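The values are calculated or read from the model by the stated rules, or taken from the named source; none is laboratory data. Keep in mind the model is a prediction, meaning the values are calculated, not measured. Don't worry about glycine lacking a Cβ; one is built from the backbone with ideal geometry, like all the others, and counts go over all protein chains shown. To get the accessible areas, we keep the full protein, side chains included, count just its heavy atoms, and leave off ligands, DNA and RNA. Shrake-Rupley method; radii C 1.70, N 1.55, O 1.52, S 1.80 Å.
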Amino acid sequence: MKIDFPAWIDVQTLETLFNVLGDDTTRLVGGCVRNAIIDGPVTDIDLATMLTPDDVMAHCDKAGMKIVPTGIDHGTVMAVIAGQCFEITTLRQDVETDGRHANVEFTDDWRADAARRDFTMNTLYMDLAGNVFDPLGQGIADLKARRVRFVGDPAKRVEEDYLRILRFFRFQAQYGAGAIDIEALQACVQAAQQIETLSLERITQEFLKIIATDKAADILMVMFENNILDDLPHEEYAPKTLSRLIHIQKQQNEPNTLSRLFIIGGNKPCFFEKYLRLSHVQKKFLIKLDMATNKSFFDNEKDLKKAIFYHGNDVLVQGYLLRCAIEGKKIDTGFFNILKNWRAPTCPVTGESLIAEGYQTGPELGQELERRVEEWLEAVI
């Protein structure tokens with residue numbers, strides 16, 4: 001098939017890169033092709049090439065391009081042109097896999113390269129004229145039908161990389177329509193225990209992508225019912241509450257994966273440690289969410305503005321949306337407008353200003369600072 005190039009593709013920059021590598025040896029591949037066909041958003045542009053990594057680097061270096069060997073052992077280098085990054089990977093096929101890593105050998109066979117990929121909708125390539133190539137003859141049809149299917153034998157694909165279990169559910173949530181592929185689901189269920197062999201970073205990245213989708217509640221239900229990370233949710237987790245939160249967040253244009261994670265597992269970051277590795281900032285936000293949903297910040301406008309001063313707009317916006325989702329309440333638009341748009345003034349009283357008045361560092365200073373700030377807030381809000 002042939003498509004018109006989407007507006008997000010900088011054709012001029014790509015022409016420069018294709019001219020350097022050779023139009024007859026290089027094609028766009030994977031997500032950017034898939035989403036160009038279905039008019040979806042794209043963040044990364046990847047290319048596949050018949051050239052070896054050494055040849056790619058030599059060609060780009062000769063053209064004066066910056067090159068970063070991001071995954072040279074697996075055939076991937078990154079070219080940087082005018083601040084834009086392009087991952088260029090040599091056509092390859094797997095020689096040996098262990099569920100986490102793969103040893104590969106390079107090839108010039110587009111079909112062999114497509115056959116090692118995870119899902120049929122990711123086996124599509126495109127040239128600069130907009131011609132889409134489907135070496136396995138399944139990708140275009142499955143993409144148009146929104147069928148998420150593994151390439152070849154699902155069990156073998158999963159065995160090659162157990163992260164594909166989570167990727168399958170993410171792709172089903174992002175791109176799937178209709179009934180879930182039974183063979184794929186069975187392969188994921190049979191290998192579910194192997195998820196624990198993956199690094200927490202890889203699991204975290206995929207799981208957060210899953211709960212960032214509009215269909216997160218539905219896809220998690222399928223996962224948990226089939227013993228995929230089924231010991232992750234809190235015993236009081238309610239899928240309907242998550243559905244309400246997602247709907248409200250979308251309605252108010254306030255997406256937030258951490259508040260969705262809060263619904264799933266609660267406020268204790270340690271609850272997720274078996275599978276997820278959250279940053280200190282993420283853990284702190286979860287704890288603040290618990291505070292924002294359980295205290296009476298939302299009783300009146302003055303208390304709300306004080307809370308914004310102390311805790312910031314973001315956590316209180318999500319805390320309010322969480323309360324609405326948990327309690328099944330409608331959003332008070334006037335109240336919510338304050339949450340989103342009111343900005344707290346800067347308090348002129350600081351620890352330094354009190355020290356300048358003669359206070360000594362210690363408990364007395366802290367107590368006086370707290371009293372003065374509260375006094376100032378009462379006057380200005």
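A few remarks follow.
- Spacing of the two label points (7 Å from each Cα toward its C-beta) at Ile180 and Lys302, in nm: 5.2
- Helix 313-327 axis, angle to the chain major axis (alpha carbon atoms, nearest 10°): 90
- Relative contact order (percent, whole number), the chain, Cα cutoff 8 Å, 6+ residue spacing: 9
- Relative contact order of the range 226-314, defined on C-alpha pairs under 8 angstrom at six or more residues apart (%): 24
- Taking the charge dipole of the chain about its Cα centre, with +1 at Lys and Arg Cβ atoms and -1 at Asp and Glu Cβ atoms, the residue from Gly75, Leu278, Gln138 reaching farthest to the positive side is Leu278.
- Averaging the sequence gap over all C-alpha pairs within less than 8 Å and six or more residues apart, then dividing by the number of residues, gives the range 44-190 a relative contact order of 17 percent.
- Globularity ratio of the range 237-381, using Cα Rg and 2.2 N^0.38 Å: 1.22
- Between the beta carbons of Glu375 and Thr16, assuming R0 = 41 Å, the FRET efficiency works out to 0.05 to the nearest 0.05.
- Helix content alone sets the calculated 222 nm mean residue ellipticity of the chain: runs of n ≥ 4 DSSP H residues at -39500 (n - 2.57) each, divided across all residues, give -15000 deg cm²/dmol.
- Per residue, the convex hull spanned by the alpha carbons of the range 62-177 comes to 139 Å³.
- Extension gain, Asp332 to Glu236: 0.36 nm times the residue separation minus the Cα-Cα distance gives 31.9 nm.
- Cα-projected label distance for Val80 with Ala63, points at 7 Å along beta-carbon direction, nm: 1.7
- The Cα atoms of the chain cover 75, 51, 38 Å along the three principal axes, with the biggest extent listed first.
- Gap separating the Cα centres of the range 31-45 and the range 236-261, nearest whole Å: 26
- Gain in span if fully extended, Asn253 to Asn227, counting 0.36 nm per residue against the direct Cα distance: 6.1 nm
- Once all protein chains are placed together, Ile355 keeps about 80 Å² accessible to a 1.4 angstrom probe.
- Only the Cβ atoms of Lys and Arg (+1) and of Asp and Glu (-1) were treated as charged; on that basis the dipole of the chain about its Cα centre amounts to roughly 1160 debye.
- A Cβ-based charge dipole, computed about the Cα centre of the range 124-173 with Lys and Arg at +1 and Asp and Glu at -1, lands at about 300 debye.
- Among the listed pairs Lys66/Lys156; Lys156/Lys209; Lys144/Lys250; Lys209/Lys284; Lys209/Lys305; Lys274/Lys305, a Cα-Cα separation exceeding 27 Å is found for Lys66/Lys156; Lys209/Lys305; Lys274/Lys305.
- Comparing Cα centroids, the range 114-137 and the range 197-229 end up 26 angstrom apart.
- Note, ³J(HN,Hα) from phi for the range 103-115, Karplus 6.51, -1.76, 1.60, rounded to Hz, x at Gly and Pro: 9, 10, 10, 7, 8, 10, 9, 5, 5, 5, 5, 5, 5
- Rounded to the nearest 10 degrees, the angle from helix 200-211 to the longest Cα principal axis of the chain is 80 degrees.
- Along the chain, longest interval not containing exposed GluC sites (Glu not before Pro), exposed being DSSP loop plus at most 15 other Cβ atoms within 10 Å: 1-234
- Residues in the range 339-354 that a label on Gln367 would reach, taking backbone N under 18 Å of a point 7 Å out along Cα→Cβ: 351, 354
- Legend: calculated FRET efficiency, Asp46 to Ser353, from the Cβ-Cβ distance at R0 = 45 Å, rounded to 0.05, equals 0.25.
- Within the range 41-72, backbone nitrogen closer than 19 Å to the virtual label 7 Å beyond the Cα of Gln93 toward Cβ: 48-53
- The 3J(HN,Hα) values that the Karplus relation (6.51, -1.76, 1.60; θ = phi - 60°) gives for the range 369-379 are, in residue order, 4, 4, 5, 5, 5, 5, 5, 5, 4, 4, 7 Hz. Gly and Pro appear as x.
- Using the 1.4 Å probe convention, the accessible area of the chain works out to 50 Å² per residue with neighbouring protein chains retained.
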